[in-house]
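The values are calculated or read from the model by the stated rules, or taken from the named source; none is laboratory data. Being a predicted model, the structure only gives us computed values, none of them experimental. Virtual Cβ from ideal backbone geometry, glycine too; neighbours counted across all protein chains shown. Accessible surface areas use protein heavy atoms only, side chains included; no ligands, DNA or RNA. Shrake-Rupley method; radii C 1.70, N 1.55, O 1.52, S 1.80 Å.
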Amino acid sequence: MERIIGRKLITLDEVDSTNEYAKRIAQNVPEGTVVVAKRQTAGRGRRGRNWTSPEGGLWLSVVLKPPRVDPRLVFVGALAVVDTLADFGIESGIKWPNDVWAGGRKISGILTEGKAGEYSILGIGLNVNNAIPEELRKMATSMREILGREVSLSEVFHTLVGNLDHWYGLFLNGRDGEIVSALKERSIILGKEVRIIDDKAELVGRAVDIDVDGALVLETPGGRVRVLHGDVSLRFL
């Protein structure tokens, strides 16, 4: 199959946000266009949180034009990051729905945005050689910190693009069961007590499953509850 991710590459020294840049050009570039920047001045995570994006990290967004709007697209990014880290000898796991952790700390975040029927943007921030700010050191880590050496940013980029292409191919072919199965295998929250926080309420329970739609299933005192991704913040108890 012809590769989709990486058909066109746009490299920038500095940008407000690769996701914002990708949204601005999405309708005029082919599917699979990758925007990568050395630095972001206004990088964002979910729910508008700031994402520190200095030089040395991998900050990229992919323009996708899938036939359907599907929140499981975020898992394509998370699985590709986990596989990429494994290719460099780093064991990691997915904190549902969109963070990748290694060594008990966050190493990557994934953000999907888009316009229904027109395009989806898959944004990925991966800490590679960038320094972690002092105030985030208890919560975040990098490939350099784990491996004890600098890593080729170019090698990480090309490995990640290849893994993205693999998982996106499965997504396009409707192989959602394989994606969710892989997500469950790489999950770091299943079997653990968690607290789910959204704008209106909070839920506490044991994470027991991720269903075929990608929703987290919690066992709570009041019974089983499905939590849809994209509208929550998750904390370990």
Report summary line: The Cα radius of gyration of the chain, divided by 2.2 N^0.38 Å with N its residue count, comes to 0.97
Requested in this report: Count charges around Glu219 for me, please; just the other residues with Cβ under 12 Å from its Cβ, Lys/Arg as +1, Asp/Glu as -1.
Outcome: +2
Query raised in the report: Once the other residues with Cβ under 11 Å from the Cβ of Gly191 are scored (Lys, Arg +1; Asp, Glu -1), what is the net sum?
Result: 0
Requested in this report: Could you please report the charge total around Asn173, scoring K, R as +1 and D, E as -1 over all other residues with beta-carbon less than 14 angstrom from its beta-carbon?
Outcome: -2
Report summary line: Counting only protein heavy atoms with a 1.4 Å probe and every protein chain in place, the carbon and sulfur fraction of the accessible surface of segment 103-227 in whole percent equals 48 percent
Query raised in the report: Which whole-number value in Å³ per residue fits the convex hull of the alpha carbons of segment 72-135?
Result: 104 Å³
**Report entry** Net lengthening on full extension, Leu9/Lys200 (0.36 nm per residue, minus Cα-Cα)
**Finding:** 64.7 nm
Report task. With springs connecting C-alpha atoms under 10 Å apart, model the chain as a Gaussian network and identify which of Asp13, Asp211, Asp199 has the largest mean-square fluctuation. Result -> Asp199
Requested in this report: Filter the GluC sites (Glu not before Pro) in segment 68-158 down to the DSSP loop ones having no more than 16 other Cβ atoms within 10 Å, then list what survives.
Outcome: Glu91, Glu118, Glu150
Query raised in the report: Can you work out the base-10 log of I(q)/I(0) for segment 129-237 at q = 0.14, 0.15 1/Å, using the Debye formula on its C-alpha atoms alone?
Result: -0.83, -0.91
Query raised in the report: Could you give the accessible area per residue of the chain, probe 1.4 Å, as a whole number in Å²?
Result: 46 Å²
